Amino acid sequence: MPRFGVILAAAGQSSRFQDANYKKPFAPLAGRAVWLHSAEKFLDREDVKQVVIVVAPEDRVAFTEKFGANLAFMGVTLAAGGAHRAESVRNGLEKLAPEIDMVAIHDAARPCLAQAWIDRVFAAGEKTGAAILATPVVATLKRVGPDHTITATVDRTGLWEAQTPQVFRRDLLEKAFAAAHGGQPTDEASLIEALGHPVTVVPGSPINLKITSREDLKLAEHALKALPAPKLSGPAHPFAGDDLWR
């Protein structure tokens, strides 16, 4: 069985979330913080041997004060975020144990994830070395100028919207980071593409939404109810209930 390490990316600035009290991974959603919903999707998987959460340096003290007990109980490793996503994920990668041979990167602000989707993208990543969840673009796309007028209608044929988890063979991902030379890709699949290695696209679901604005929290709460109930074993997780970060 492959040994997966999961990196939860939670180091962004949440500039579009526009909340004075929370960044989006730490906002309350259905009784607990968004990132906890995301983390729990991986905790009871036999193939996941380590979970790392990457948090911005300026959030580290408040995060550990609020969630230190959760991190200890779940065995989650904390890593420092960087100036950009690629640097943050690289820092998370460096925290993985040597025996980890497959890496899954997941947005901490994507809490509505079903085990069946994880199963599919993990299997594809193991088989091909690189795989991501994605959904085909179905809406009409418009390119808009700085004056907010349409400059072109974009052909959506063959266009897919990337999601996470994105799953890679560890040695391939490390090679991709080494070859990046300080580039700032918006996802890890872009790094693999730059190596010339094919990335398999696994059909995901619109339910696997990324929380960007406060309105998305309402959508996510409904989406969580549409997912199968997680199968928990042993004692109840300590973050059930009102363990939120304000």
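Summary table
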{"read-out": "Flag if ASP59 is in contact with a strand residue (DSSP E or B) (Cβ under 9 Å, 6 or more places away or on another chain), surrounded by fewer than 23 Cβ atoms within 10 Å (Cβ to Cβ), of a type in the set (D, E, K, R) and not in a strand (DSSP E or B)", "value": "yes"}
{"read-out": "Hits in region 126-178 (condition: more than 19 Å from VAL6 (Cβ to Cβ), of a type in the set (Val, Ile, Thr) and in a strand (DSSP E or B))", "value": "THR135, VAL144, ILE150, THR151, THR153, VAL154"}
{"read-out": "Residues (part of a strand (DSSP E or B) and of a type in the set (A, V, I, L, M, F, W, C)) located in region 65-114", "value": "LEU78, ALA79, ALA80, MET102, VAL103, ALA104, ILE105"}
{"read-out": "Residue among GLN184, GLN163 that alone is in contact (Cβ under 8 Å) with a residue 24 or more places away in the chain, surrounded by fewer than 20 Cβ atoms within 10 Å (Cβ to Cβ) and in contact with a Lys or Arg (Cβ under 8 Å, 6 or more places away or on another chain)", "value": "GLN184"}
{"read-out": "Scope region 173-217; condition aliphatic (A, V, I, L, M), over 19 Å from the mean Cα position of the chain (by Cα) and under 13 Å from ALA130 (Cα atoms); matching residues", "value": "ALA194, LEU195"}
{"read-out": "Residue, modelled with the lowest pLDDT, within region 161-189, restricted to residues that are closer than 27 Å to GLN115 by Cβ and either out of contact with any Asp or Glu (no Cβ under 9 Å at 6 or more places or on another chain) or aromatic (Phe, Trp, Tyr) (or both)", "value": "THR186"}
{"read-out": "Every residue from region 187-199 that is farther than 18 Å from ALA109 by Cα, in contact (Cβ under 8 Å) with a residue 40 or more places away in the chain, outside any loop (DSSP other than H, G, I, E, B) and of a type outside the set (A, V, I, L, M, F, W, C)", "value": "none"}
{"read-out": "Subset of region 81-125 (residues that are small (Gly, Ala, Ser) and either buried (at least 17 other Cβ atoms within 10 Å of the Cβ) or under 14 Å from the mean Cα position of the chain (by Cα) (or both))", "value": "GLY81, GLY82, ALA86, SER88, GLY92, ALA104, ALA108, ALA109, ALA114, ALA124, GLY125"}
{"read-out": "From the options ALA79, ALA56, residue that is among the aliphatic types (A, V, I, L, M), modelled with pLDDT of 90 or more and under 18 Å from GLU174 (Cα atoms)", "value": "ALA79"}
{"read-out": "Residue check, ILE7 under 17 Å from THR164 (Cβ atoms), touching a residue at least 60 places away in the same chain (Cβ under 8 Å) and either part of a loop (DSSP other than H, G, I, E, B) or under 15 Å from the mean Cα position of the chain (by Cα) (or both)", "value": "yes"}
{"read-out": "Test result for LEU8, of a type outside the set (Asp, Glu) and more than 23 Å from ALA180 (Cα to Cα)", "value": "no"}
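Okay, residues lined up against (1) within 18 Å of VAL103 (Cα to Cα); (2) among the acidic types (Asp, Glu):
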| site | (1), (2) |
| --- | --- |
| ARG32 | no, no |
| GLU40 | yes, yes |
| ASP59 | no, yes |
| GLY68 | no, no |
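The values are calculated or read from the model by the stated rules, or taken from the named source; none is laboratory data. Keep in mind that this is a model prediction, so the values were computed, not measured. Backbone-built Cβ (ideal geometry, glycine too); neighbour counts: all protein chains shown.
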